[in-house]
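Have a look at the structure below before the remarks.
Read-outs throughout are calculated quantities, based only on the coordinates presented, and are distinct from any laboratory measurement. Values in this document were obtained by computation on a predicted structure and should not be read as measured data. Neighbour counts are summed over all protein chains in view; Cβ atoms, including those assigned to glycine, are modelled from backbone coordinates with ideal geometry.
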Amino acid sequence: AVVFPADPASIGTKKFVGWTQSEIETPTDNAPTFVSSATMGTEDLNFYAVYAKKTEVPVTWNKVTTLAGITEGTYVLVSEKTANTYKYMPNTESSGSNPTLGGGITINNDVLTNEVTDEMLWSLVSTGTTNEYYIRPYGNTKIGLGTTNSTGANIRISSSYKDTKWTIAANEKANWQIKNNNTTEMYLAVYADDAVIVQDCS
């Protein structure tokens, strides 16, 4: 079996993305065929380290703890604080599903200490009404954050994310929360006073 070396370091702004057996002569948008394992035959094998540009999400975040701090932008919706670890609401659930909080993100002195992935990101798009937003998965214009008929939320696939509107609202039990604009019963989440619902990473 071929033993691949440790992933190479970045080159400038380009990051290592995988090994391939085909040399790439010029920059390309076409994904090569990556290999993660191989077996030696009777002849030498050549493998090439592939580097690519990768959009980075800033690692320094601002905690949003007041209504005034919420603006149109890109966020991670987080919950369940335990020793500075928050679970995030993924944006990749299927239509009509009640999202299961995923993984854990660690916050230390307002700095996120682990990698942010696209599935963690949500975009808040202003409806033009104060504190009211369309909430959709980052980069997606067809899927919106919907609601169940009780406390909670689901991922709604429709003709437009604008089918769902949400209001950021204060509550006596928490700093603030996100609720459906048509009712006070359908919350995305309710948090303790010291919790962070979203963090701006735009």
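Details
- Links that overshoot a 31 Å alpha carbon limit, given the list Lys14/Lys165; Lys53/Lys165; Lys87/Lys162; Lys87/Lys165; Lys15/Lys162; Lys15/Lys165: Lys14/Lys165; Lys53/Lys165; Lys15/Lys162; Lys15/Lys165
- FRET efficiency estimate (nearest 0.05) - Cβ-Cβ, Thr66 to Thr92, R0 22 angstrom: 0.15
- Fully extending the segment from Tyr48 to Val17, taken as 0.36 nm per residue of separation minus the present Cα-Cα distance, adds 10.1 nm.
- Taken along the Cα-to-beta-carbon direction at a fixed 7 Å, the label points for Thr39 and Thr117 span 3.1 nm.
- Estimated at 0.36 nm per residue, the fully extended path between Ala9 and Leu101 surpasses their Cα-Cα distance by 29.9 nm.
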